[in-house]
Amino acid sequence: MNPNLLTLLSETDRIMSGGNGWHPDPNLILPSGVYRGMVHVGVDLGTAYTVLVVLDENFQPIAGEYQFAQVTRDGLVVDFVGAVDLLRRMKAKVEERLGFTLTSAASGYPPGVPQAEVRATANVLYGVGLECTGLVDEPTAANNVLKIRDGAVVDVGGGTTGIAIFKDGEVVYTADEPTGGTHFSLVIAGATGTSFEEAEALKKNPGEQTRLFPIVRPVMEKVGSIVNRHIQGHHVDRLYLVGGTCAYPGMDKVIEEYTGIETVLPGNPLFVTPLGIAMNN
Ligand SMILES: Nc1ncnc2c1ncn2[C@@H]1O[C@H](COP(=O)(O)OP(=O)(O)OP(=O)(O)O)[C@@H](O)[C@H]1O
Ligand SMILES: [Mg+2]
């Protein structure tokens, strides 16, 4: 696994929550304070969050933005105009912070999405003036960050659960299925008589997560059953959890119990895939 993972993820959290304090190589900073090195840009148009992240030439985060938005569903762009508008605003904010214009980016897609739909993702990037330099499947992108050689990466996002199995550092299998954080929020809304938006906030509130645990546990087990089905016939010793939904406390334990496979949650799982997408640019 990547020995610098925890530092990388906590730096990313800081940048994403609006923190400044980016410290790239001082030789690459102009007297004006503007970074002048090469950058790697990633765009993740997720079901729940749209994320834009900029890395310096050493693949360290220097700026980023994320926004809750329902512009894609299960990897498909369902609101093209909305996606372009949102990404344009996010890009402008990041550019203002950086002091220069972004010209290209990589993006990602859940495994198994038809190529025609993947092209729609690239078109969102072109729509905001970013050349799309590559599209990578999401769990494979996550492994640019994790750097595992053997095991399975499980990306539980808002809409879907993606799985990639690695052997000797190579992907040998990928899959993606509906079930993600949106389903957690839906069962919470049903059980507590709240709206989806209220349920979404309750779910992410650390003060509510213990009380709500019994309500969401069956959805966690559903994720476990998806994992079990896809790893059948592969020898998998360890699962690595990424994707925002895996931030729910106890998720790793439920998946470990359900699958009987050692399960690792490597730091904040929310930005692993977007970071890995940027590394592809
Ligand atoms: N602290 C938290 N506890 C529980 N769930 C969380 C937390 N933070 C974020 N989430 C959930 O994580 C999900 C978003 O994760 P992520 O950004 O990985 O998904 P996405 O990439 O937008 O979706 P997908 O990959 O399915 O297209 C949302 O459902 C959100 O409610
Ligand atoms: Mg995602």
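The values are calculated or read from the model by the stated rules, or taken from the named source; none is laboratory data. Source: prediction; values computed, not measured. Positions of Cβ are generated from backbone atoms using ideal geometry, with glycine treated the same way; all protein chains shown enter the neighbour counts.
Name the single residue that is farthest from ligand 1 (Cβ to nearest atom) among those in region 158-168 being more than 16 Å from Ile231 (Cβ to Cβ) and touching an Asp or Glu at 6+ places or on another chain (Cβ under 8 Å). Please lay out each step first, then the result.
So the first thing to find is which residues in region 158-168 are more than 16 Å from Ile231 (Cβ to Cβ), and the list is 158-160, 168.
Keeping just the survivors that are touching an Asp or Glu at 6+ places or on another chain (Cβ under 8 Å) gives 159-160, 168.
Details: Gly159: 4, Thr160: 4, Asp168: 26 Å.
Top of the filtered list is Asp168.
Of the residues that make up region 46-55, is at least one farther than 20 Å from Gly243 by Cα and away from ligand 2 (no atom under 15 Å from the Cβ)? Lay out the reasoning, then the answer.
First pass over region 46-55, keeping only residues farther than 20 Å from Gly243 by Cα: none.
Looking for residues that are farther than 20 Å from Gly243 by Cα and away from ligand 2 (no atom under 15 Å from the Cβ), one finds none in region 46-55, hence no.
Before we move on, is His183 surrounded by 15 or more Cβ atoms within 10 Å (Cβ to Cβ), within 16 Å of ligand 2 (Cβ to nearest atom) and either within 22 Å of the chain's Cα centre (by Cα) or in a helix (DSSP H, G or I) (or both)?
It is true that His183 is surrounded by 15 or more Cβ atoms within 10 Å (Cβ to Cβ), within 16 Å of ligand 2 (Cβ to nearest atom) and either within 22 Å of the chain's Cα centre (by Cα) or in a helix (DSSP H, G or I) (or both).
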key: Tabulated pairs, region 82-104, first surrounded by fewer than 16 Cβ atoms within 10 Å (Cβ to Cβ), second in a helix (DSSP H, G or I), C-beta under 8 angstrom, 6+ apart or interchain   = Arg88/Gly127; Thr101/Glu95
ask   = Among the residues of region 105-121, is any more than 27 Å from Gln232 (Cβ to Cβ), out of contact with any strand residue (DSSP E or B) (no Cβ under 8 Å at 6 or more places or on another chain), more than 15 Å from ligand 1 (Cβ to nearest atom) and among the basic types (Lys, Arg)?
value = yes
note = Across (1) within 24 Å of Glu11 (Cα to Cα); (2) surrounded by fewer than 19 Cβ atoms within 10 Å (Cβ to Cβ); (3) at pLDDT below 95; (4) not small (Gly, Ala, Ser), Tyr35 clears everything bar (2)
key: Hits in region 123-167 (condition: closer than 20 Å to Gln70 by Cβ, surrounded by fewer than 24 Cβ atoms within 10 Å (Cβ to Cβ) and more than 12 Å from the chain's Cα centre (by Cα))   = Asn123, Gly127, Val128
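Give Thr72, Thr101 a once-over and let me know the one that is more than 25 Å from Asp137 (Cβ to Cβ) and among the hydroxyl-bearing types (Ser, Thr, Tyr). Let's see the steps before the verdict.
Numbers: Thr72 fails: more than 25 Å from Asp137 (Cβ to Cβ).
Being more than 25 Å from Asp137 (Cβ to Cβ) and among the hydroxyl-bearing types (Ser, Thr, Tyr) holds for just one of Thr72, Thr101, which is Thr101.
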task = Tally the residues that are more than 15 Å from ligand 2 (Cβ to nearest atom) and outside any strand (DSSP E or B), restricting the search to region 135-180.
result = 6
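Does region 186-223 hold any residues that are among the β-branched types (Val, Ile, Thr) and either at pLDDT below 95 or buried (at least 19 other Cβ atoms within 10 Å of the Cβ) (or both), and which are they? Steps first, please.
Keep residues of region 186-223 that are among the β-branched types (Val, Ile, Thr), which gives 187-188, 192, 194, 210, 215-216, 219, 223.
Within region 186-223, Ile188, Val216, Val219, Val223 meet the criteria.
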query = If we keep just the residues of region 227-248 that are in a loop (DSSP other than H, G, I, E, B) and within 16 Å of ligand 2 (Cβ to nearest atom), which is surrounded by the most Cβ atoms within 10 Å (Cβ to Cβ)?
reply = Gly243
inquiry  = Go through (1) closer than 22 Å to Thr182 by Cβ; (2) over 20 Å from the mean Cα position of the chain (by Cα) for Ala92 and report which single condition fails.
reply    = (1)
remark   = For Thr7, the lone unmet condition from (1) farther than 26 Å from Glu131 by Cβ; (2) hydroxyl-bearing (Ser, Thr, Tyr); (3) within 16 Å of ligand 2 (Cβ to nearest atom) is (3)
query = Does Met251 satisfy being within 16 Å of ligand 2 (Cβ to nearest atom), hydrophobic (A, V, I, L, M, F, W, C), out of contact with any Gly (no Cβ under 7 Å at 6 or more places or on another chain) and modelled with pLDDT of 95 or more?
reply = yes
ask   = Does region 66-88 hold any residues that are of a type outside the set (A, V, I, L, M, F, W, C) and under 22 Å from Gly157 (Cβ atoms), and which are they?
value = Tyr66, Gln67, Gln70, Thr72, Arg73, Asp74, Gly75, Asp79, Gly82, Asp85
key: Pairs where the first residue, in region 208-222, is polar (S, T, N, Q) and the second is surrounded by fewer than 16 Cβ atoms within 10 Å (Cβ to Cβ) and not in a helix (DSSP H, G or I), C-beta under 6 Å, 6+ apart   = Gln209/Pro249
